[in-house]
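Visitor: Take a look at the following structure, please.
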Amino acid sequence: MDLNLTQSQKMIQQMVRTFAQNEVAPGAAERDTTGEFPWEVVKKMAQYNLLGIPFPRKYEGSGADTLSYIIAVEELSRVCATTGVIVSAHTSLGSHPIYQFGTEEQKELFLIPLARGEKLGGFGLTEPNAGTDAGSLQTTAIRQKDYYRLNGSKIFITNGGIADTYVVFAKTSPERGTKNIAAFIVEKGTPGFSFGKKEDKMGIRASSTTELIFNDCQIPVENLLGQEGEGFKIAMQTLDGGRIGIAAQALGIAQACLDASVRYAKEREQFGKPIGSLQAIQWMLADMATQIKAARFLTYQAAWYKDQKRPFSTEAAMAKLFASETAMQQSIKAVQIHGGYGYIKDYPVERFMRDAKITELYEGTSEVQRLVIAANLLK
Ligand code: CAA
């Protein structure tokens, strides 16, 4: 792997960094307080082509690689983790499975508006009784002549209620097991499809997280993604990509923790000198920077493997495991460095700590990532 970014990757990094500073950072603290979805930011991201970065120009994406997209999520999350996950869930989970598994007609109809940012995407896998054990989902999609009848519900859906297009997983027969799951493209507004409870979350507070409810919802057979029985593998392969996005989100949060801590260590004086001159603080900063660099290598490497079309399931799990735990640990150190000020909302690090926690939970908990890594080792 070439450790230098290409010219175009550097350009995207610089462009998104500037965009994040100017357009996203100013409202981040307020969004965290109000929990209001950042529609204005999303509209601007569409104008800057940030909602279809890794998709070919043929489908009106930017035609950039996975690493460029990952760098964009990192830069956005560095100022606002809510914005980072909106882009990651839209791109990796809502749009990418249509790109990877969809027919040309499905790509024309559904991927193009997603890549243009005219529509947002979401992903419906998790259910009240099927979280880590995703294969035990209970939503059914029973084939009737030219449509499937969907019944059941999904929980914890990022972009829920906001997104227009969802990739939803359901069983096509009542038996247990991963072999009878299928994936469907379901559009907001389809009769029988509604949104339930909106969650009041600890962090990423302005991202929308809701239930999806299907009540005799009729999905045309043309909206079946892949074949019947392929749904579980589509979900797992989609999550392999999604986990690199969450690793990037975690990386952005961890970097924000370090940025704030270095700034504070230079400003804050105790014992007549900046606290950055104290070895206790220096060691924390040094450990933070080292962990973050390691997390960045793992995350970029996983993206690079994907771009090289090499198997990347293990690399994605390692990146997400390490980057999310790095984000959590660095947020704790950042609060510690800020002392009492770190615990109040005058400084951003308490938000970073609340935002960091979710990266160890969604798109597979840290325990799931260890399970995936170990299963591949022992294959
Ligand atoms: N790629 C392709 N195929 C895969 C795969 C992958 N990454 N992982 C598994 N499979 C295949 C297996 O090869 C197997 O195929 P065969 O039956 O043909 O041999 C089949 O899928 C079943 O695999 P397992 O027996 O390993 O499945 P399992 O039931 O034991 O589950 C698991 C394994 C890793 C625990 C999986 O259920 C899992 O990843 N759980 C976590 C789910 C998750 O991440 N949920 C997050 C929801 S989305 C979210 O959080 C989004 C958000 O809004 C931000």
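The values are calculated or read from the model by the stated rules, or taken from the named source; none is laboratory data. Predicted, not measured: the structure shown is a model, and the values here were computed from it. With ideal geometry, Cβ positions are generated from the backbone for all residues, glycine too; neighbour counts draw on all protein chains shown. Only protein heavy atoms, including side chains, enter the accessible area calculation; ligands, DNA and RNA are left aside. Shrake-Rupley method; radii C 1.70, N 1.55, O 1.52, S 1.80 Å.
Visitor: Can you tell me which of (1) over 22 Å from Glu363 (Cβ atoms); (2) out of contact with any strand residue (DSSP E or B) (no Cβ under 7 Å at 6 or more places or on another chain); (3) more than 10 Å from the ligand (Cβ to nearest atom) is the one Thr172 doesn't meet?
Guide: The one condition Thr172 does not meet is (2).
Visitor: Quick check on my filter: what residues within region 216-236 are acidic (Asp, Glu) and in a loop (DSSP other than H, G, I, E, B)? Spell out how you get there, then give the answer.
Guide: To start, the set of residues in region 216-236 that are acidic (Asp, Glu) comprises 216, 222, 228, 230.
Passing the criteria: Glu228, Glu230.
Visitor: Of Arg310, Arg268, Arg263, which residue is of a type outside the set (Ser, Thr, Tyr), touching a strand residue (DSSP E or B) at 6+ places or on another chain (Cβ under 7 Å) and modelled with pLDDT of 95 or more?
Guide: Details: Arg310 fails: touching a strand residue (DSSP E or B) at 6+ places or on another chain (Cβ under 7 Å); Arg263 fails: touching a strand residue (DSSP E or B) at 6+ places or on another chain (Cβ under 7 Å).
Within the list Arg310, Arg268, Arg263, the selection yields Arg268.
Visitor: I've got another one for you. Collect the residues in region 169-183 that are within 20 Å of Gly131 (Cβ to Cβ) and either surrounded by fewer than 15 Cβ atoms within 10 Å (Cβ to Cβ) or under 20 Å from the mean Cα position of the chain (by Cα) (or both), keeping them in residue-number order.
Guide: Those that are within 20 Å of Gly131 (Cβ to Cβ) and either surrounded by fewer than 15 Cβ atoms within 10 Å (Cβ to Cβ) or under 20 Å from the mean Cα position of the chain (by Cα) (or both): Phe169, Arg176, Gly177, Ala183.
Visitor: Condition first: polar (S, T, N, Q) and open to solvent by 10 Å² or more (accessible area, probe 1.4 Å). Now tell me which residues in region 54-70 satisfy that.
Guide: Step one: list which residues in region 54-70 are polar (S, T, N, Q), which gives 62, 66, 68.
If the condition is that a residue be polar (S, T, N, Q) and open to solvent by 10 Å² or more (accessible area, probe 1.4 Å), then Ser62, Thr66 are the ones that fit.
Visitor: Between a residue in region 363-379 that is in the same structural domain as Met328 (by the TED database) and within 10 Å of the ligand (Cβ to nearest atom) and any residue that is assigned to a helix (DSSP H, G or I) and open to solvent by 100 Å² or more (accessible area, probe 1.4 Å), which pairs come within a Cβ distance under 9 Å, given they are 6 or more apart or on different chains?
Guide: Pairs found: Gly364/Leu371.
Visitor: Looking at this structure, is Glu199 within 13 Å of the ligand (Cβ to nearest atom), in contact (Cβ under 8 Å) with a residue 40 or more places away in the chain and in the same structural domain as Asp164 (by the TED database)?
Guide: Numbers: within 13 Å of the ligand (Cβ to nearest atom): yes; in contact (Cβ under 8 Å) with a residue 40 or more places away in the chain: yes; in the same structural domain as Asp164 (by the TED database): yes.
Spelling it out, Glu199 is indeed within 13 Å of the ligand (Cβ to nearest atom), in contact (Cβ under 8 Å) with a residue 40 or more places away in the chain and in the same structural domain as Asp164 (by the TED database).
Visitor: When residues of region 207-234 are filtered for being over 16 Å from Gly192 (Cα atoms), more than 15 Å from the ligand (Cβ to nearest atom), open to solvent by less than 60 Å² (accessible area, probe 1.4 Å) and not hydrophobic (A, V, I, L, M, F, W, C), how many remain?
Guide: Final tally of qualifying residues: 0.
Visitor: Mind counting the residues in region 115-139 that are within 16 Å of the ligand (Cβ to nearest atom) and under 19 Å from the mean Cα position of the chain (by Cα)? Break it down stepwise before answering.
Guide: First pass over region 115-139, keeping only residues within 16 Å of the ligand (Cβ to nearest atom): 120-139.
Pick out the ones that are also under 19 Å from the mean Cα position of the chain (by Cα) and you get 120-127, 131-132, 134.
Count: 11.
Visitor: Any idea which of (1) of a type in the set (A, V, I, L, M, F, W, C); (2) more than 16 Å from the ligand (Cβ to nearest atom); (3) surrounded by fewer than 24 Cβ atoms within 10 Å (Cβ to Cβ) is the one Phe101 doesn't satisfy?
Guide: For Phe101, the exception is condition (2).
Visitor: Considering each residue of region 152-180, count those that are under 18 Å from Gly122 (Cα atoms) and not in a loop (DSSP other than H, G, I, E, B), and give that number.
Guide: Applying the first criterion (under 18 Å from Gly122 (Cα atoms)) to region 152-180 yields 152-170.
Right, trim to not in a loop (DSSP other than H, G, I, E, B) and you get 152-158, 165-170.
Number satisfying all stated conditions: 13.
Visitor: Please pick out the residue among Leu109, Leu114, Leu93 that is over 30 Å from Asp346 (Cβ atoms), touching a strand residue (DSSP E or B) at 6+ places or on another chain (Cβ under 9 Å), open to solvent by 70 Å² or more (accessible area, probe 1.4 Å) and not assigned by the TED database to the domain that holds Val186. Break it down into steps so the answer makes sense when it comes.
Guide: Numbers: Leu114 fails: open to solvent by 70 Å² or more (accessible area, probe 1.4 Å); Leu93 fails: open to solvent by 70 Å² or more (accessible area, probe 1.4 Å).
Result of the check over Leu109, Leu114, Leu93: Leu109.
Visitor: Given the criteria under 20 Å from the mean Cα position of the chain (by Cα), away from the ligand (no atom under 14 Å from the Cβ) and assigned by the TED database to the domain that holds Phe322, does Gln237 qualify?
Guide: Working: under 20 Å from the mean Cα position of the chain (by Cα): yes; away from the ligand (no atom under 14 Å from the Cβ): no; assigned by the TED database to the domain that holds Phe322: yes.
No, not satisfied.
Visitor: Ser88 - would you say it is more than 16 Å from the ligand (Cβ to nearest atom) and open to solvent by less than 10 Å² (accessible area, probe 1.4 Å)? Spell out the reasoning first.
Guide: On the way: more than 16 Å from the ligand (Cβ to nearest atom): no; open to solvent by less than 10 Å² (accessible area, probe 1.4 Å): yes.
Considered against the rule, which asks whether it is more than 16 Å from the ligand (Cβ to nearest atom) and open to solvent by less than 10 Å² (accessible area, probe 1.4 Å), Ser88 comes out as no.
Visitor: Something else now. All but one of (1) crowded, with 18+ Cβ neighbours inside 10 Å; (2) away from the ligand (no atom under 11 Å from the Cβ); (3) in the same structural domain as Val221 (by the TED database) hold for Asn151; state the number of the condition that does not hold.
Guide: Only one criterion is unmet by Asn151, namely (1).
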